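Each remark here refers to the structure printed beneath this line.
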Amino acid sequence: TKLYSANPAFLTSVNQRSISDEAELSAVCFRPQGLDLLVQQTRFSKKELQVLYRGFKNECPSGIVDEETFKRIYSQFFPQGDSSMYAHFLFEAFDTHNNGSVSFEDFAVSLSILLRGSITDKLHWAFNLYDLNKDGCITKEEMTDIMFSIYDMMGRCTYPSLKVNAPKEHVDSFFQKMDSNSDGVVTIEEFLDTCQKDENIMRSMHMFDDVI
């Protein structure tokens, strides 16, 4: 079972306009108290957070990303398909305060997990992404919605050999592997246990390690 989380190109898009020298770095404005707190909350250094903040502000001058802006930015990386539904699910995973917006602090905390977090941290983040109603378990309906959004995002023309029922087959395979007690839902314990025993999933959890 292949795990999908965030696209590495999107995660680093806020850092595409690199800061080339220390003078420009020092000119980046960020509330000192907020920066110190983020250093404690994330695995980024002050300098890394300054670079990320500069890129974030370039993409989102208001300092806040709403869902439509998030979808617009994300769609740039998947022009061959419709990424709007997957971006909606991803936005909800980044919107940790459930207030309809993603602040730089929200973004930095999630980015830290995806890039620098432990395997367990990353798996918890992925589980939260799939648990659409945030009730502590993943249902077949939720996983089906996620799978169809991924296939829509990748675009049918990219995979001409895919069958129409490929997303359903993927979900069935996911539950056959994950739902150890066959009760129709996947809990965080089942998810962690199965993922940690799967070499392919463990390798995928390292896919962002060298992004920044």
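The values are calculated or read from the model by the stated rules, or taken from the named source; none is laboratory data. Since this is a predicted model, take the numbers as computed values, not measurements. A quick note on method: Cβ atoms are made from the backbone with ideal geometry, for glycine too, and the neighbour counts reach across all protein chains shown. Ligands, DNA and RNA are stripped out before the accessible areas are found, and what is left, the full protein with its side chains, is counted by its heavy atoms. Shrake-Rupley method; radii C 1.70, N 1.55, O 1.52, S 1.80 Å.
Points to keep in mind about this one:
- Among the trypsin sites (Lys or Arg not before Pro) within segment 81-152, those in coil by DSSP and having at most 13 neighbouring Cβ atoms inside 10 Å are LYS134.
- Accessible heavy-atom area order of MET154, MET143, highest first, probe of 1.4 Å: MET154, MET143
- Normalised size of segment 77-160, defined as Cα radius of gyration per 2.2 N^0.38 Å with N residues, equals 1.16.
- Rounded to 0.05, the FRET efficiency of the GLU59 and HIS206 pair, given R0 = 22 Å and the Cβ-Cβ distance, is 0.25.
- Gain on full extension, evaluated as 0.36 nm per residue between LEU35 and LYS140 minus their Cα-Cα distance, stands at 33.8 nm.
- Extended-chain gain in nm, criterion 0.36 nm per residue less alpha-carbon gap, PHE89 and SER75: 3.7 nm
- Over segment 53-212, relative contact order from alpha-carbon pairs under 8 Å, at least 6 apart, %: 24 percent
- Accessible-area composition of segment 22-154, carbon plus sulfur, in percent [1.4 Å probe]: 52 percent
- Probe 1.4 Å, all protein chains present, accessible-area order of SER180, SER101, SER112, SER45, largest first: SER180, SER45, SER101, SER112
- Spin-label model, ASP121 to ASP183: label points 7 Å out along the Cα-to-beta-carbon direction sit 3.0 nm apart.
- Of the cross-linked pairs LYS57/LYS134; LYS168/LYS197; LYS57/LYS140; LYS47/LYS134, those separated by over 27 Å at the C-alpha level are LYS57/LYS134; LYS57/LYS140; LYS47/LYS134.
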